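Heads up: the structure comes next, in structure tokens.
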Amino acid sequence: MIVLVGFMGAGKTTIGNLLAARLGLPFADSDEVIERRAGRPIKQIFAEDGEPAFRALEHQVIAELLDGPALVLALGGGAAQHPQTQAKLTSAQVVYLEVGYEQALRRVGGDTGRPMLARSDLPELYQRRLPVYAGVAMLTVATDDRPPEIISQDILARLAAEQVSGGRAPSLRPAP
């Protein structure tokens, strides 16, 4: 089980699809699964039920996915903040896709389906989430200005090395 975490715009869905294809595993995006189960978009869930209700549903969906068959799973940007989700993530290979704030906004700034973009405290939210992502991850991979295919190859090579060494993988950053 490989789980991708990171701020919106980090490339979790794109890279997750590439990893799943290379590994012959199914891919799931927790936000897409939530929308299918709820029968409505996340933006609507936020508007009608509020963020706490969304976060509870998000945790339930993620817990079920983590308890299921092996797959590559991309989590929504705030999912790793839930304490029970953090506890469930200890059984998976968690990869933090690190993206700079400006790069993230360039990638998703015009997406009206992302309710978090409307928050006035978005820069602070970004900063608060960084240590959460790093704390749950066994591997950190920088994504700014790097092609998704190269990032996915780096992840697979690093995870393979991790299995051989049996230790905790250090951050993986592009060579200068």
Checklist outcome for this item: Checked against (1) modelled with pLDDT under 95; (2) assigned to a helix (DSSP H, G or I); (3) within 18 Å of residue 143 (Cβ to Cβ), residue 56 satisfies every condition except (3)
Checklist outcome for this item: Contact list, first residue from region 145-159 and within 11 Å of residue 22 (Cα to Cα), second anywhere and surrounded by 15 or more Cβ atoms within 10 Å (Cβ to Cβ), beta-carbon distance below 8 Å, six or more apart or interchain, is 149/18; 152/15; 152/18; 152/19; 156/19; 156/23
Checklist entry - Which numbered condition trips up residue 44, out of (1) part of a helix (DSSP H, G or I); (2) out of contact with any strand residue (DSSP E or B) (no Cβ under 8 Å at 6 or more places or on another chain); (3) under 28 Å from residue 25 (Cβ atoms)? => result (3)
Checklist entry - Just checking, which of 104, 134, 87 is touching a residue at least 40 places away in the same chain (Cβ under 8 Å) and assigned to a helix (DSSP H, G or I)? => result 104
Checklist entry - Would you call residue 118 surrounded by fewer than 18 Cβ atoms within 10 Å (Cβ to Cβ), at pLDDT below 85 and on the phi < 0 side of the Ramachandran plot? => result yes
Checklist entry - Of 79, 74, 104, 87, which residue is in contact with a Phe, Trp or Tyr (Cβ under 8 Å, 6 or more places away or on another chain), at pLDDT below 95 and closer than 24 Å to residue 45 by Cβ? => result 104
Checklist entry - Can you name the number of the only condition in (1) surrounded by 14 or more Cβ atoms within 10 Å (Cβ to Cβ); (2) of a type in the set (A, V, I, L, M, F, W, C); (3) more than 25 Å from residue 130 (Cα to Cα) that residue 70 fails? => result (1)
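The values are calculated or read from the model by the stated rules, or taken from the named source; none is laboratory data. What you are looking at is a predicted structure, and each value in this text was computed from that prediction instead of being measured. Every residue, glycine as well, gets a Cβ built from its backbone with ideal geometry; the counts of neighbours run over all protein chains shown.
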